[in-house]
Amino acid sequence: MEQESSDPRAEEVVYYREAVAEVVDESEETLKTEEEEERRLKRVYEENVDNVITALERRNYFLGYDLPESRDQFLLHKKVLKRYKVELVPYRESWSVDLFAVGHNTVKTEILDMYDIVKSLEDQGRAVAKGPVSYFCGWWGTFLTVVTEFLDMEDQVIFPWIENKADLSGTKLSKSNRTLTRRQLRDLMLEATAQESNLTYIPPSEVVVKMLEVLNELNIVLLTYFNRVKARMPQLVDKNFTEDEYRLSLLPAISNHLRSGEDWNKLAPITVRWMREDQAASWQSEFLTRREKRKFSTWVRLVKRTHWELRDCVVERRTPKTREARHVLAGA
């Protein structure tokens, strides 16, 4: 039986200490000497952990950096968003890796788009207009759908299936730790979403700064979770299950869960975007009905005209060309 922490805030402080260290370890090449390693850790803690812990101690989970300092950095065109290394997991090499790789690679591809969007906003600095920030907010809505759909599926379908045979208690992927991760992600995503309403009251550049402060923490939580899954789950799944069990019981349940979402017509095209043509065809044969396959090209055009069009508007610094993108911005 897992013991729940009596101090949730202390548990979150520990989580962030581990999360920052794990993500940075994944993002930087191994340093050769102990002295270099000590300097690296000191820099990481100064730039990340202390700010996060200060925010937690102040009961403010979102302003991990002091706003005036961040605003100065932003207006001086310094990069506020920390671009941690994002690598896609090899796909169609092992069924136990593919189990999580599809969702995680899809979210990672969206994070890479986020990096491009944010770079454009950062480069515009204080001169950034309301329009590009609105486009980012419109793009953000679909990003949230992608993250939420896949993580919900893992919580409700994959992990219960695994825990029927494997004990995850006492690990970083225990049910209590996963619940903590989801709570942190929910709070951060809600805070980032709420920034769009600030466009009415404060300059767009300040809205961007506020969002980037949230995104720094969001990326740490997401990428740490992905790294933990990649490091532990494939071996555990291989040890306790066969590929036949996966295909007969789990794969249909995953498909049914994802296809039941109201945004399946957007999620499916976004999911295959990073795949090779043969991989995408194989995935579609497993997850799409015959009728859905006939509609798929229409779904792709829909995503291009809404979600990807808004990304391109920010990166290329132009206004939306499609009626569908304008409807997204209008809240239609």
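Quick look at the numbers
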{"quantity": "Residues that are at pLDDT below 90 and open to solvent by 60 Å² or more (accessible area, probe 1.4 Å), drawn from the stretch 304-328", "calculated": "THR319, LYS321, ARG323, ARG326, HIS327"}
{"quantity": "Condition check for PRO203: at pLDDT below 95 and surrounded by fewer than 20 Cβ atoms within 10 Å (Cβ to Cβ)", "calculated": "yes"}
{"quantity": "Residues located in the stretch 157-203, provided they are among the acidic types (Asp, Glu) and either closer than 13 Å to TYR225 by Cβ or more than 23 Å from the chain's Cα centre (by Cα) (or both)", "calculated": "GLU163, ASP167"}
{"quantity": "Wholly within the stretch 33-149, helices (runs of 4 or more DSSP H) carrying at least 1 residues that are under 15 Å from the mean Cα position of the chain (by Cα), more than 24 Å from LEU258 (Cα to Cα) and at pLDDT below 95", "calculated": "95-124"}
{"quantity": "Qualifying residue in the stretch 183-194 (condition: open to solvent by 60 Å² or more (accessible area, probe 1.4 Å), under 26 Å from LYS119 (Cβ atoms) and part of a loop (DSSP other than H, G, I, E, B))", "calculated": "no"}
{"quantity": "Matching residues, the stretch 146-171, being surrounded by fewer than 19 Cβ atoms within 10 Å (Cβ to Cβ) and of a type outside the set (A, V, I, L, M, F, W, C)", "calculated": "THR148, ASP152, ASP155, GLN156, PRO160, GLU163, ASN164, LYS165, ASP167, SER169, GLY170, THR171"}
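The values are calculated or read from the model by the stated rules, or taken from the named source; none is laboratory data. Since the model is a prediction, treat every value here as computed from it, not as a measurement. With ideal geometry, Cβ positions are generated from the backbone for all residues, glycine too; neighbour counts draw on all protein chains shown. Please note that ligands, DNA and RNA were not included when accessible areas were found on the heavy atoms of the full protein model with its side chains. Shrake-Rupley method; radii C 1.70, N 1.55, O 1.52, S 1.80 Å.
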